[in-house]
Number of protein chains: 2
Amino acid sequence: MASIDIATRELENPVDLAEYIFRRLHEVGIRYAADGYARVNGMGALITTFGVGELSALNAVAGAYSEFVPIVHIVGQPTTQSQKDGMLLHHTLGNGDFNVFTKMSAGISCYVAQLNDPHYAATFVDSAIRECWIRSRPVYVTLPTDMIYAKVDGDRLKKPIDLSLPDNDPEKEDYVVDVVLKYLQAAKNPVILVDACAIRHRALTEVHDLVEASGLPTFVTPMGKGAVNESHKNFGGVYAGNGSNAGVREVVESSDLILSIGAIKSDFNTAGFTYRIGQLNTIDFHSNYVRVRYSEYPDINMKGVLRKVVQKMGKLNVTAAPRITNKLPESEQSSSDQTITHAWLWPVVGQWLKENDVVITETGTANFGIWDTRFPANVTAISQVLWGSIGYSMGSCQGAALAAKEQNNRRTILFIGDGSIQLTVQELSTILRNKLSPIVFVICNEGYTIERYIHGWDARYNDIQPWDFASIPKVFGADDGYKGYRIKTRDELNKLFTEQDFCTSNRLRLVELYMPRDDAPSALKLTAEAAAARNK
Amino acid sequence: MASIDIATRELENPVDLAEYIFRRLHEVGIRYAADGYARVNGMGALITTFGVGELSALNAVAGAYSEFVPIVHIVGQPTTQSQKDGMLLHHTLGNGDFNVFTKMSAGISCYVAQLNDPHYAATFVDSAIRECWIRSRPVYVTLPTDMIYAKVDGDRLKKPIDLSLPDNDPEKEDYVVDVVLKYLQAAKNPVILVDACAIRHRALTEVHDLVEASGLPTFVTPMGKGAVNESHKNFGGVYAGNGSNAGVREVVESSDLILSIGAIKSDFNTAGFTYRIGQLNTIDFHSNYVRVRYSEYPDINMKGVLRKVVQKMGKLNVTAAPRITNKLPESEQSSSDQTITHAWLWPVVGQWLKENDVVITETGTANFGIWDTRFPANVTAISQVLWGSIGYSMGSCQGAALAAKEQNNRRTILFIGDGSIQLTVQELSTILRNKLSPIVFVICNEGYTIERYIHGWDARYNDIQPWDFASIPKVFGADDGYKGYRIKTRDELNKLFTEQDFCTSNRLRLVELYMPRDDAPSALKLTAEAAAARNK
C-alpha cells in the first residue's frame, strides 16, 4: 500500500504537495497512470491543479469510478482567502465561483473532502482514503495553497487508517450462507463464474479458496480475466455468452447453478448481452449484497459469505471443466500463411507470457483478442471494458509499469491499436523519463477496426494518419540503446519471442505488429454487430 | 458564419452526424480546435461521444466558457430507449444514470438542449445556436443515435436563425449616452482601453469607429491584443499595470477618463493586479451593462451605446499617444550577442509579421512576450490568458489554421514552449492529415520557465524530457518535403525571416527556437512574483 503511506506522509510533510501543485498540471499521462498503478498496486493518487488540470482528468476519474478503481484525486487550489474574495484568477471561469469544478467531480467521486480548515483537515483526509479503499472508487480532495503549511495533529499518524471492511451481521451472514449451501449442495452441475468486482473488491483470496475447495469448473468473464489461476485444472475459459471460448457456453448455460462472483453484465463484457443464464440458476455475490435466485440480501459483503461457504461446503457434485490451452486452432496449425491474424496471435501470446506478467489491452481488437489467451499463474490483466476510453491503455501502462517495477520488476506488456495510441502517445515520453520498461505492441491495422465493425467500414474517420511508431521513442528522447521492432510475419514474431534480450530487457521495447485491416477476433465481431443493431 | 450553416445543414442531413458520432471520439485535437476555429471564424463546433468523449473535452469547453468563445458541443448518446431502460452500456458509470455527464457540462454551458423528442428538437437546436452566439459561450447539445433519423420540420430552415442582439431600450440608451458624453467631453486627457470582451462580444466595429472619430490615445490589455489596428497613429501600446509597454503606464494612469471597453481584469491580464486606475476615472462598457464611475446601468449592451457616443461625440480634448514601434531597445540594437533573448525576439517578430496573420501564443513566456510585439493591421491574436490551460495553443492552432485557410489562406503562426507542446503534440498529426500549414515556433528553453518563476526554480518537475521537436512531423507521417528548422542565433532567425519559402510555403513549418532557460519577458517576471506571493 505504498500510495497510502505517501498520502499520509504528504500531510506530514506537505511541502511536497506544494511543489507538485504548480507542476505540469494536467499532463496527459497522469490521469490514466493513477488508474493503472492502482490496478496493480491497490490504490493510486493523482494531483492536478484547479480548473484546467482537474477537468482534464475527469474522463480518467470517471473511468475509475465506473470500473471500481480506488484513486485519490488531489486538487491544488488558490488560497482560501482568494476563494473567499472571489478573485479573478487564471484557471477560473472568471465569475468568482470556486466551487463549480468540485460539483462536477462530485458525481464521479464516492467522497469529497475540501481541506479548508486545519481543524477538520486530518479527519477528512483519513476518511477520504478509507472511503476510497472500502468503496474502491475515486475520492476528491481539494488543497488550497495556504493550507499546505497548516499544522495538523501529527499524532494521528501513529495509528494507521482503519481500512478493514465492516463485519457482516453474523446472524444474517449465517442465514445467507445456509441458503447458498442449500442450493449449492443440491446442484447437479454447479459452476463458478468470476467477474470484475471479485478483483476490484479484493475477494480473490476467497475466490481462490472456493475454487480449490470445491473443485468446481471455474470460468471468468472478459472483465474477470486474471482473477483466477488460468493454468489451474478447474479453469474452463472465458464465458461471455455467444463470445465465449469454444465449448464454454455449453457448459455454463447448461449448469443448474452458477456461482456468479462480482458480475458487471455490461454490453462489452457479455458480447452484446448474449448471456443465456437464468436468474433461477444463479447466485450473485457482490460487495454489498448477495442474491440467491430472486431473493436479495442487501448490506452484506461477499467476502464473509464466501469464507463461510468454503468452510461448510461439504460434498458437491463436481463435473469436469472444459480443457483449455494455448494450442492453436487446427486451421492455424496447418496453415502456411505468414499473415498475423487474431486467430493465430492470441494463443501464441499465451504461450509466450510468463508468470507474474502484467498484461494490458486497449479496447478494440486487443481486449477482445485476449479472451483467447490462456494466462500463466499470477498474471494481472488490465483493460477498460466498461468505460472504454480510447487511449486509456497507454496511460494505464505507464502507471502499471511503475507499480510492476516496484513489485520485483514484473514485466508489463501492452497491446494497443495504431489508432488508440495516437490519443496518448506522449506516455511513451513519460515512460522514458521515468526509466520504465514495458513492452508495447502497436497493432498496425490501418485505423479503427472496432469502429469499422460498428459503423462506417470505409469511412475516412476510421482511417488514421500513418505514423512511424517504432521511431517515436527516438524523437521523444530515447537514448541510442533504444530499438524498435517491425514484425510482419508469424516467423518474425515467433523468432522475436525467443530473443532473450527482447524478453527480459530492462528498457522500453516497442513492436509494430502488422495485421490485416479487416481482421478481428470473432467475439469483437459479435459484440459490434449487437452495438450497431442497438444504435438503429 | 460557416459553422452555423454547417450546424443547420447537419439537421437537414443528419446522416453526417451519425457518421461522426462513432468516429475517433474524443480525439485530443477536436476539443481545442473548436475554440481556435471560433476565435478566427466566429463560431465553432465539436462533436464527442457520450461519457468518455465529452469528459475529455470539458477542460476545453470550460476554457471557452471562461473566455467567451462560442462553441456548440454536440454529444452523441445511446438511443433514447437504451437510456430509458438504464442499460449497462460501455461509456457509462454502470449505474444506469444517463444524465450525470449532462449535469457536469451544465455548469460550463450557457444553454443545454437534450434532443430526445422530435417535436422540440428543431426549436432546441435553433435556441442553442442563438444562445451560443448572443452570449458568446458554449452550449451543450445531446443527440441520441435514434434521433439522428428523426424527422424535423425542414421548413424552419428557410428562415435563418435570428442572431441579432436585442435592441437596447432607446430612452435608457440615450440616458446612458448623455452621461458618458458629459464626462467624456469634460475630460482633459481621456484614453481608450480595449480588452477581451470587445473582441468576444463583437464590438470591434464600434471600437474602431470610436478610435477613428475621437482621435484619442488607444491602448489594449494583453487579452485585447489584436482588437485594434496597432499600426494606427492613435495606438499607444499595451497597458497592464506594472507590466505595461514602456511609457504606457504613465499616460493611462494619469488620464482623468479611461473608456474601458470589455474589461476582464484577471491576474494575468493585469500583471498581477497592478492596475492603478481609479473607478472615479473610469467608464466601463460591457455586453450587458455600462458603469460610469460608480453608477451602474444594467441590461444595456455597449454596442448601441458606443455607436451613439460616436455620433454625438463633438469635440474632445485629445493628447498624443505614446509612439510605439517594433524598434529594438537601445541595448539590443548595440549588442553583438547572438543569444535569442525575449527582449530581442518579440520586436523582431513584430517586424516580420504581415497584415492578416493569425498569431497564437501559449500561456508562458510567449503570451507575455507578445506584449512587446506591435502587430500590423488585421492581425488576429489568440491566447488563453484567463483560463490558461497548458497545451491549449497547439490545439487551438489546428482549428485556427483551418479557419485561416478558409479566409483566403491567412498565415497562422504559433509560439509554444517545449514543455507545453508535449501535452498536445498529436495536433501536429491532425495538421498534417488535414493539410494545414501553420508555422510553429517551439521555444526550446529546457522546460517550464513560467513555473520556475512561480515556484521550484531548479525542481525536476519543471524540467522536461528532451524531444527532437523538428523531427516529430516526420514520425507523424509528414512527406519528404517537410523540413524542420533549428535556430540558435539571431543571425539565423533574421535569415530565416527573409526566406521566401519559409515565409510563404503552404506546408507545415516547425522551428526549434533556442532561448536561455532562465530568460523571460519582464511582464512575466512581475506577474509570476505576484502569483507566488499570493500563494503564500
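Quick check: is even one residue across segment A:444-452 on the phi > 0 side of the Ramachandran plot and modelled with pLDDT of 95 or more?
Yes.
Of all residues in segment A:498-536, those satisfying the criterion of being in a helix (DSSP H, G or I) and under 30 Å from A:Ala404 (Cβ atoms) are A:Gln500, A:Asp501, A:Phe502, A:Cys503, A:Thr504, A:Ala523, A:Leu524, A:Thr527. Screening A:Gly477 against (1) at the interface with another protein chain (Cβ under 9 Å from one of its Cβ atoms); (2) surrounded by fewer than 17 Cβ atoms within 10 Å (Cβ to Cβ); (3) under 30 Å from B:Thr145 (Cα atoms) leaves a single unmet condition, (3).
Scanning segment B:62-73 finds no residues that are more than 10 Å from chain A (Cβ to nearest Cβ), surrounded by fewer than 24 Cβ atoms within 10 Å (Cβ to Cβ) and more than 20 Å from B:Gly388 (Cα to Cα).
The strands (runs of 3 or more DSSP E) found entirely in segment B:183-257 that carry 3 or more residues being of a type outside the set (Gly, Ala, Ser) are B:191-194, B:218-220. Quick check: anything in segment B:95-103 out of contact with any Phe, Trp or Tyr (no Cβ under 8 Å at 6 or more places or on another chain), farther than 17 Å from A:Trp387 by Cα and within 9 Å of another protein chain (Cβ to nearest Cβ)? Yes, segment B:95-103 has at least one match.
In a residue-by-residue description of segment A:400-416, the property of being over 15 Å from A:Leu513 (Cβ atoms), in a helix (DSSP H, G or I), touching a residue at least 60 places away in the same chain (Cβ under 8 Å) and within 13 Å of chain B (Cβ to nearest Cβ) applies to no position. Taken as a whole, segment B:220-228 holds at least one residue that is among the hydroxyl-bearing types (Ser, Thr, Tyr), more than 30 Å from B:Asn99 (Cα to Cα), under 21 Å from the mean Cα position of the chain (by Cα) and buried (at least 19 other Cβ atoms within 10 Å of the Cβ). Can you name the residue in segment B:480-493 that is in a strand (DSSP E or B) and within 14 Å of another protein chain (Cβ to nearest Cβ) and, of all such residues, is surrounded by the most Cβ atoms within 10 Å (Cβ to Cβ)? Among those that are in a strand (DSSP E or B) and within 14 Å of another protein chain (Cβ to nearest Cβ), it is B:Gly484.
Being within 17 Å of the chain's Cα centre (by Cα), under 21 Å from A:Leu493 (Cα atoms) and not assigned by TED's automatic domain parsing to the domain that holds A:Ser66 holds for only one residue in A:Ile413, A:Ile390, A:Ile439, A:Ile443, and it is A:Ile413. Go through segment A:367-384 residue by residue and tally those that are more than 14 Å from every other protein chain (Cβ to nearest Cβ), assigned to a loop (DSSP other than H, G, I, E, B), buried (at least 24 other Cβ atoms within 10 Å of the Cβ) and in contact with a Pro (Cβ under 8 Å, 6 or more places away or on another chain). Number satisfying all stated conditions: 1. On the stretch given as segment A:506-517, residues that are loosely packed, with under 15 Cβ neighbours inside 10 Å and either at pLDDT below 95 or touching a Phe, Trp or Tyr at 6+ places or on another chain (Cβ under 6 Å) (or both) total 1. Within segment B:156-176, being touching a residue at least 60 places away in the same chain (Cβ under 8 Å) and among the basic types (Lys, Arg) holds for one residue alone: B:Lys172. Every test in (1) closer than 30 Å to A:Phe98 by Cβ; (2) within 14 Å of another protein chain (Cβ to nearest Cβ); (3) surrounded by 21 or more Cβ atoms within 10 Å (Cβ to Cβ); (4) in contact with a Phe, Trp or Tyr (Cβ under 8 Å, 6 or more places away or on another chain) is passed by B:Trp387 save one, and that test is (4). Counting the residues of segment B:105-126 that are at pLDDT 90 or above and in a helix (DSSP H, G or I) gives 2. For B:Ser522, the criteria (1) touching a residue at least 12 places away in the same chain (Cβ under 8 Å); (2) surrounded by 16 or more Cβ atoms within 10 Å (Cβ to Cβ); (3) within 13 Å of chain A (Cβ to nearest Cβ) hold in every case but one, which is (3).
Can you name every residue in segment B:127-167 that is within 14 Å of chain A (Cβ to nearest Cβ), β-branched (Val, Ile, Thr) and outside any helix (DSSP H, G or I)?
Within segment B:127-167, just B:Ile148 meets the criteria.
Checked against (1) more than 30 Å from the chain's Cα centre (by Cα); (2) not assigned by TED's automatic domain parsing to the domain that holds A:His73; (3) not basic (Lys, Arg), A:Tyr149 meets all criteria but (2). Applying the criterion of being buried (at least 24 other Cβ atoms within 10 Å of the Cβ) and farther than 17 Å from B:Lys474 by Cβ to the residues of segment B:423-435, the residue that is farthest from the other protein chains (Cβ to nearest Cβ) is B:Thr424. Residues in segment B:397-415 that are within 18 Å of B:Gly226 (Cβ to Cβ) and buried (at least 23 other Cβ atoms within 10 Å of the Cβ): B:Cys397, B:Gly399, B:Ala400, B:Ala401, B:Ala403, B:Ala404, B:Thr412, B:Ile413, B:Leu414, B:Phe415.
Scanning segment A:244-284 for residues that are under 20 Å from the mean Cα position of the chain (by Cα) and among the hydrophobic types (A, V, I, L, M, F, W, C) gives A:Ile261, A:Ala263, A:Ile264, A:Phe268, A:Ala271. Residues in segment B:75-104 that are outside any helix (DSSP H, G or I), buried (at least 22 other Cβ atoms within 10 Å of the Cβ) and without any contact (Cβ under 8 Å) to a residue 60 or more places away in the chain: 5 in all.
Taken over segment A:494-505, the criterion of being surrounded by fewer than 15 Cβ atoms within 10 Å (Cβ to Cβ) and over 27 Å from the mean Cα position of the chain (by Cα) is satisfied by A:Asn494, A:Lys495, A:Thr498, A:Glu499, A:Gln500, A:Asp501.
From (1) surrounded by 24 or more Cβ atoms within 10 Å (Cβ to Cβ); (2) among the hydrophobic types (A, V, I, L, M, F, W, C); (3) within 30 Å of A:Gly224 (Cα to Cα); (4) at the interface with chain B (Cβ under 10 Å from one of its Cβ atoms), pick out the condition that doesn't hold for A:Val52. With respect to (1) surrounded by 24 or more Cβ atoms within 10 Å (Cβ to Cβ); (2) among the hydrophobic types (A, V, I, L, M, F, W, C); (3) within 30 Å of A:Gly224 (Cα to Cα); (4) at the interface with chain B (Cβ under 10 Å from one of its Cβ atoms), A:Val52 is out only on (3).
The values are calculated or read from the model by the stated rules, or taken from the named source; none is laboratory data. All figures in this text were calculated on a predicted structure; none of them were measured in a lab. Every residue, glycine among them, receives a Cβ derived from its backbone with ideal geometry; neighbour counts consider all protein chains shown.
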